[in-house]
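Undergrad: Below is the structure I would like to discuss, written out as structure tokens.
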Amino acid sequence: MGGGKKIVKAYKPYGDLVTFCEPYWYQGFPTPYYTENHIKFRDVVRNFIETEIKPNVDTWLKEGKGYPVSLHEKAYKAGVQGILYPKELGGTQPDDYDSFYEIILWDEMARCGGAGPLGQMSINSMALPPIIQYGSDQIKQRVVKDVVQGRKQCSLMISEPWAGSDVANIRTTAVRKGDKYIVNGQKKWITGGLIADYFTALVRTGGPGAGGLSLLLLEKDMPGISVRKMETQFDNTHNTTFVELEDVEVPVSNLIGEEGKGFGYIMVNFNHERFVIAIGSCRSSRLCYQEAFHESMTRKVFGRKLIENGVIRWKLAEMARQIEALQDNIERIAFQFSSGVPDSALGSQCALLKVQASKTFEYCAREAVQVFGGSGIVKEGRGKLVERLYREVRGVAIPGGSEEILLDLAIRTAVRKAAKL
């Protein structure tokens with residue numbers, strides 16, 4: 001860091017001023033990470049969420065059509081969506097961009113309280129990096145700017161009915177014939193498939209195992225691609241889909257990077273995905289705490305407020321303890337990213353982070369519903385937000401690597417390092 005002194009500053013309290021209802025630095029505590037420019041960006045995102053998204057979520061769910069895709073262009077023009085990408089790619093990154101801008105983006109987005117409004121923005125941020133890092137100039141010129149600026153959408157296409165976390169055993173084949181690949185197979189749990197114009201697809205171009213996998217850019221209008229919606233446990237203004245690929249002809253020029261290196265590209269890409277999921281989960285956990293705290297301050301049971309019961313205060317304290325630990329962990333990893341530590345060196349850290357996030361969210365959602373009682377199990381009234389969030393938990397614990405797989409990954413990585421010492 002050059003030996004310079006890190007600037008630590010406190011900012012004017014913002015949002016819900018009840019302790020733990022907002023991140024510590026929102027509530028007037030000093031921070032070494034956030035600057036006045038971060039504050040300005042936070043204000044932009046919160047204003048967009050409060051005016052364009054939160055008032056409409058229930059209507060979008062009721063109509064069953066999902067949020068309007070045009071919202072992405074609006075988010076870009078508002079200065080929200082482009083923050084993730086440099087100006088040369090059509091983005092709006094400031095000169096001082098770091099991973100703490102991204103924390104603000106996904107944290108504030110998660111204040112919608114589930115249901116996935118504008119959810120494709122996070123999927124685009126997971127599907128574009130392999131194209132940006134490894135794709136040819138012609139692919140990048142054709143795809144990236146339109147997605148960054150909200151005119152087009154791009155989804156990841158990895159998981160299959162028989163291969164979720166077991167990525168190395170992907171079965172979808174891409175057989176080269178002349179200047180084309182012929183792609184056949186099935187893809188499952190593809191988020192955003194109904195609105196995606198492009199897919200960053202993991203396919204088998206070679207033999208068995210990780211070394212036979214490559215990345216291809218598929219385009220929605222290619223004959224042989226069929227997409228259908230899959231109903232989910234959680235409310236969804238976005239979409240989760242099943243994709244069938246039958247003799248899809250893909251130009252060889254749509255190869256992303258080199259043949260046989262797709263597995264490595266995707267493994268590194270997963271670290272950012274887990275980071276994004278963890279940020280949203282932290283805010284979802286905080287929403288559970290926030291709703292439960294305010295309910296306990298007003299609701300009376302047996303003649304006294306819920307908050308007067310020690311067991312309720314204990315529940316809230318346990319929620320707050322886990323949330324604040326998760327927030328600190330997220331910021332620690334963001335500092336590593338911002339300090340230039342490569343994704344490839346943070347696999348274990350991002351794996352454990354996502355597990356901590358899903359377990360924290362699971363605990364907070366459960367206890368929030370317990371605080372609300374019967375109001376927490378119906379989709380209306382004062383408990384409807386915690387009811388919705390409760391059904392979101394498994395959608396965090398499983399995608400991006402299940403808890404069991406990620407815990408094992410972290411220790412297997414440590415074992416490999418120990419063997420070399």
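The values are calculated or read from the model by the stated rules, or taken from the named source; none is laboratory data. None of the values given here were measured: they were computed from a predicted structure. As a convention, Cβ positions derive from the backbone with ideal geometry for all residues, glycine included, and neighbour counts pool all protein chains shown. The area values use the complete protein model at the heavy-atom level, side chains included, leaving out ligands, DNA and RNA. Shrake-Rupley method; radii C 1.70, N 1.55, O 1.52, S 1.80 Å.
Undergrad: Could you figure out which of (1) open to solvent by 40 Å² or more (accessible area, probe 1.4 Å); (2) in a helix (DSSP H, G or I) isn't true of Gly340?
TA: Here Gly340 meets the rest and fails (2).
Undergrad: Quick check, is Arg142 open to solvent by 10 Å² or more (accessible area, probe 1.4 Å) and either in contact (Cβ under 8 Å) with a residue 12 or more places away in the chain or among the hydrophobic types (A, V, I, L, M, F, W, C) (or both)?
TA: So Arg142 does not fit the description; no.
Undergrad: Also, quick follow-up: Can you say whether Lys40 is modelled with pLDDT of 95 or more, of a type in the set (Lys, Arg), open to solvent by 50 Å² or more (accessible area, probe 1.4 Å) and farther than 22 Å from Ala110 by Cβ, as far as the supplied structure shows?
TA: Here the answer is no, as Lys40 does not meet what is asked.
Okay, residues lined up against (1) open to solvent by less than 60 Å² (accessible area, probe 1.4 Å); (2) in contact (Cβ under 8 Å) with a residue 40 or more places away in the chain; (3) within 17 Å of Met109 (Cβ to Cβ):
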position: Tyr14; (1), (2), (3): yes, no, yes
position: Thr19; (1), (2), (3): no, yes, no
position: Val44; (1), (2), (3): yes, no, yes
position: Glu50; (1), (2), (3): no, no, yes
position: Thr59; (1), (2), (3): no, no, no
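Undergrad: Does at least one position in the stretch 367-386 carry a residue that is out of contact with any Gly (no Cβ under 9 Å at 6 or more places or on another chain), in a helix (DSSP H, G or I) and within 28 Å of Gly164 (Cα to Cα)?
TA: no
Undergrad: From Ile83, Ile104, which residue is at pLDDT 95 or above, touching a His at 6+ places or on another chain (Cβ under 8 Å), open to solvent by less than 40 Å² (accessible area, probe 1.4 Å) and closer than 26 Å to Phe270 by Cα?
TA: When all the criteria are applied, what remains is Ile104.
Undergrad: Okay, moving on. State which residue pairs qualify: first residue on the phi > 0 side of the Ramachandran plot and inside the stretch 195-219, second residue of a type in the set (S, T, N, Q) and outside any strand (DSSP E or B) in any location, beta carbons under 9 Å apart, and separation of 6 or more residues or different chains.
TA: If the second residue must be of a type in the set (S, T, N, Q) and outside any strand (DSSP E or B), the pairs left are Gly209/Asn169.
Undergrad: Regarding Ile131, is this residue of a type in the set (Val, Ile, Thr), at pLDDT 95 or above and over 26 Å from Asn37 (Cβ atoms)?
TA: yes
Undergrad: Go through (1) open to solvent by 40 Å² or more (accessible area, probe 1.4 Å); (2) in contact with a helix residue (DSSP H, G or I) (Cβ under 7 Å, 6 or more places away or on another chain); (3) farther than 22 Å from Tyr14 by Cα; (4) among the small types (Gly, Ala, Ser) and name the single condition Gly64 misses.
TA: (2)
Undergrad: Just to verify a result, which residue in the stretch 277-305, among those that are among the small types (Gly, Ala, Ser) and buried (at least 16 other Cβ atoms within 10 Å of the Cβ), is farthest from Glu102 (Cα to Cα)?
TA: Ser296
Undergrad: Something else now. From Gly206, Gly212, Gly192, which residue is at pLDDT 95 or above and crowded, with 24+ Cβ neighbours inside 10 Å?
TA: Gly192
Undergrad: On to the next question. From Gly114, Gly119, Gly164, which residue is of a type outside the set (A, V, I, L, M), surrounded by fewer than 18 Cβ atoms within 10 Å (Cβ to Cβ) and either touching a Ser or Thr at 6+ places or on another chain (Cβ under 6 Å) or under 19 Å from Glu273 (Cβ atoms) (or both)?
TA: Matching residue, one of Gly114, Gly119, Gly164: Gly164.
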